[in-house]
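The values are calculated or read from the model by the stated rules, or taken from the named source; none is laboratory data. The shown structure was predicted, so the numbers you read here are calculated from the model rather than taken from an experiment. Cβ placement follows ideal geometry from the backbone for every residue including glycine, while neighbour counts extend to all protein chains displayed.
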Amino acid sequence: MPITANDTNRKSWLEVPLNSDFPIQNIPFGVFLTKENVVTVGTRIGDFAIDLGALQQLNYFEGIELTDDMFMQDTLNDFISDGQKTWRLVRNRIAELFDVENSKLQDNEKDKEIIIFNMEDVEMQLPVLIGDYTDFYSSKEHATNVGTMFRDPDNALLPNWLHIPVGYHGRSSTIVPSGIPVHRPMGQTLPNGETSPVFGPSRLVDFELETAFITTDVNIMGENILVTEAEEYIFGMVLLNDWSARDIQKWEYVPLGPFLAKSFASSISPWIVTMDALEPFKTKGPKQEPTPLPYLQQKGKHSFDIHLEVAIKPEKAEPTVISRSNFKYMYWTMSQQLAHHTSNGCRVNSGDMMGSGTISGPTPESFGSMLELTWGGKNPLKLNDGTERKFINDNDTVIMKGYSQNENVRIGFGEVSSKLLPTFVRK
Ligand code: MN
């Protein structure tokens with residue numbers, strides 16, 4: 001089915017600011033709360049939020065087979081579960097309705113009032129009920145940097161890394177949307193030079209610059225998905241700040257991997273940008289050497305050119321951009337991650353979320369965590385207000401942005417922005 005929503009000649013009758021992440025060619029999906037406390041599935045054009053529940057009730061999706069309450073829900077899981085054909089029909093219809101050449105909704109003031117909100121008048125929610133969250137470790141630069149710092153510069157990559165998209169099962173209960181503050185975690189750490197651990201606030205709270213993809217229902221238990229088919233099961237992507245407490249991580253991660261150092265919070269951008277919208281930005285990833293095993297082999301373009309940046313905003317100062325990276329640096333692709341994930345028959349459901357792993361590029365300016373940017377705290381970063389950071393301070397806000405751009409169109413994610421609060425105090 002043609003993706004007519006991607007037509008770059010199309011203009012919307014809704015105003016779209018210059019360099020907006022959300023032109024009519026984007027049409028991401030999210031869930032928002034209106035001032036009247038109504039929760040609905042929606043999309044966004046420019047700085048307008050569009051109520052898809054209202055659009056459906058007013059019959060604007062006529063001719064597309066949808067369950068009656070598809071969009072009058074507080075999650076996108078059912079819609080995502082319907083599969084790629086439905087996603088395409090709905091995105092194409094929205095593009096048509098908001099096209100400047102189409103007067104149907106454009107000239108209906110009464111309907112417009114019910115359907116269209118200013119972004120500042122809505123509150124974004126988590127877009128999906130995330131059943132399971134898996135986090136990969138797929139940037140060769142990141143894995144090399146961490147291996148160099150923590151183990152041995154001569155054997156920075158462990159022997160499995162070039163053969164397996166390494167990952168671990170994360171925690172979905174503490175995934176929050178942009179804007180929700182996060183407390184500095186308490187935890188057990190082993191102070192340098194000591195032999196007994198202590199319990200207290202983490203002193204090394206870090207971010208991880210990641211993206212994540214959201215799946216539809218992929219398989220039944222026992223069934224594997226071919227790497228050549230995996231992309232059809234990916235609905236879209238979000239930005240992910242995978243908060244990490246490095247001192248807790250260092251003490252606890254042997255031998256079973258990350259646990260409480262990661263599960264205190266993970267923040268995501270609220271609009272899921274569809275793989276269809278990102279289609280024009282497909283690109284080749286790095287050459288995979290040695291050649292992966294047959295079940296992970298793929299030809300063609302399976303990576304995406306997505307610019308990423310991270311800024312720190314101190315409580316009383318303007319943000320300073322501290323990292324600029326790109327998703328295309330990732331060694332393993334999302335389709336390889338998903339094929340590997342199901343290769344043992346593990347079931348993957350609608351609304352599951354898979355993190356990319358920290359996205360570090362080849363240059364020091366493109367590293368995706370404070371751990372790497374300051375090289376374990378040895379080289380503090382200077383912010384524009386003159387203060388220095390080794391890791392994240394209380395009341396700092398970490399802001400991640402991402403977008404794809406070519407000569408015709410810019411498709412962006414907006415941002416994931418979250419403030420680190422001091423440790424939680426029991427009342
Ligand atoms: Mn991570």
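List of remarks:
- Yes/no for G170 being in contact with a Lys or Arg (Cβ under 8 Å, 6 or more places away or on another chain), within 16 Å of the ligand (Cβ to nearest atom) and on the phi < 0 side of the Ramachandran plot: yes
- Set side by side, the residues G355, G351, G386, G377 differ, and just one is more than 16 Å from the ligand (Cβ to nearest atom), of a type outside the set (S, T, Y) and buried (at least 22 other Cβ atoms within 10 Å of the Cβ), which is G351.
- The one condition in (1) within 16 Å of the ligand (Cβ to nearest atom); (2) touching a Gly at 6+ places or on another chain (Cβ under 7 Å); (3) over 19 Å from L158 (Cα atoms) that S360 fails to fulfil: (3)
- Some residue of segment 315-328 being within 16 Å of the ligand (Cβ to nearest atom), aliphatic (A, V, I, L, M) and under 29 Å from F32 (Cβ atoms): no
Here's the yes/no breakdown for (1) more than 23 Å from the chain's Cα centre (by Cα); (2) farther than 24 Å from M124 by Cβ; (3) aromatic (F, W, Y):
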position	(1), (2), (3)
I220	yes, yes, no
N224	yes, yes, no
A230	no, yes, no
M237	no, no, no
N241	no, no, no
I248	yes, yes, no
V254	yes, yes, no
L260	no, yes, no
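- Complete set of residues in segment 51-90 that are among the polar types (S, T, N, Q), out of contact with any Ser or Thr (no Cβ under 9 Å at 6 or more places or on another chain) and either surrounded by 15 or more Cβ atoms within 10 Å (Cβ to Cβ) or not assigned by TED's automatic domain parsing to the domain that holds N37 (or both): Q56, Q57, T75, T86
- Look at (1) within 16 Å of the ligand (Cβ to nearest atom); (2) modelled with pLDDT of 95 or more; (3) under 21 Å from the mean Cα position of the chain (by Cα) and you find that T215 fails only one, number (1).
- The number of residues in segment 254-278 that are more than 16 Å from the ligand (Cβ to nearest atom) and either surrounded by 21 or more Cβ atoms within 10 Å (Cβ to Cβ) or under 23 Å from V416 (Cβ atoms) (or both) comes to 9.
- Qualifying residue in segment 99-108 (condition: modelled with pLDDT of 95 or more, of a type in the set (V, I, T), crowded, with 16+ Cβ neighbours inside 10 Å and not assigned by TED's automatic domain parsing to the domain that holds E415): no
- The condition (being crowded, with 23+ Cβ neighbours inside 10 Å and closer than 23 Å to F29 by Cα) is satisfied by just one residue among M400, M370, M330: M400.
- Output for segment 120-143, where each listed residue is of a type outside the set (A, V, I, L, M, F, W, C) and within 16 Å of the ligand (Cβ to nearest atom): D132, Y133, T134, D135, Y137, S138, S139, K140, E141, H142
- Of residues in segment 55-83 being touching a strand residue (DSSP E or B) at 6+ places or on another chain (Cβ under 8 Å) and in a loop (DSSP other than H, G, I, E, B), the one nearest to P28 (Cα to Cα): L76
- Meets criteria (part of a strand (DSSP E or B), surrounded by 16 or more Cβ atoms within 10 Å (Cβ to Cβ) and within 16 Å of the ligand (Cβ to nearest atom)) for F117: no
- As for segment 224-245, it holds no residue that is at pLDDT below 95, away from the ligand (no atom under 15 Å from the Cβ), surrounded by fewer than 24 Cβ atoms within 10 Å (Cβ to Cβ) and over 24 Å from G131 (Cα atoms).
- Any chance V205 is within 22 Å of the chain's Cα centre (by Cα) and over 17 Å from S356 (Cβ atoms): yes
- Within the option set L209, L158, being within 16 Å of the ligand (Cβ to nearest atom) and of a type outside the set (F, W, Y) holds for one residue only, L209.
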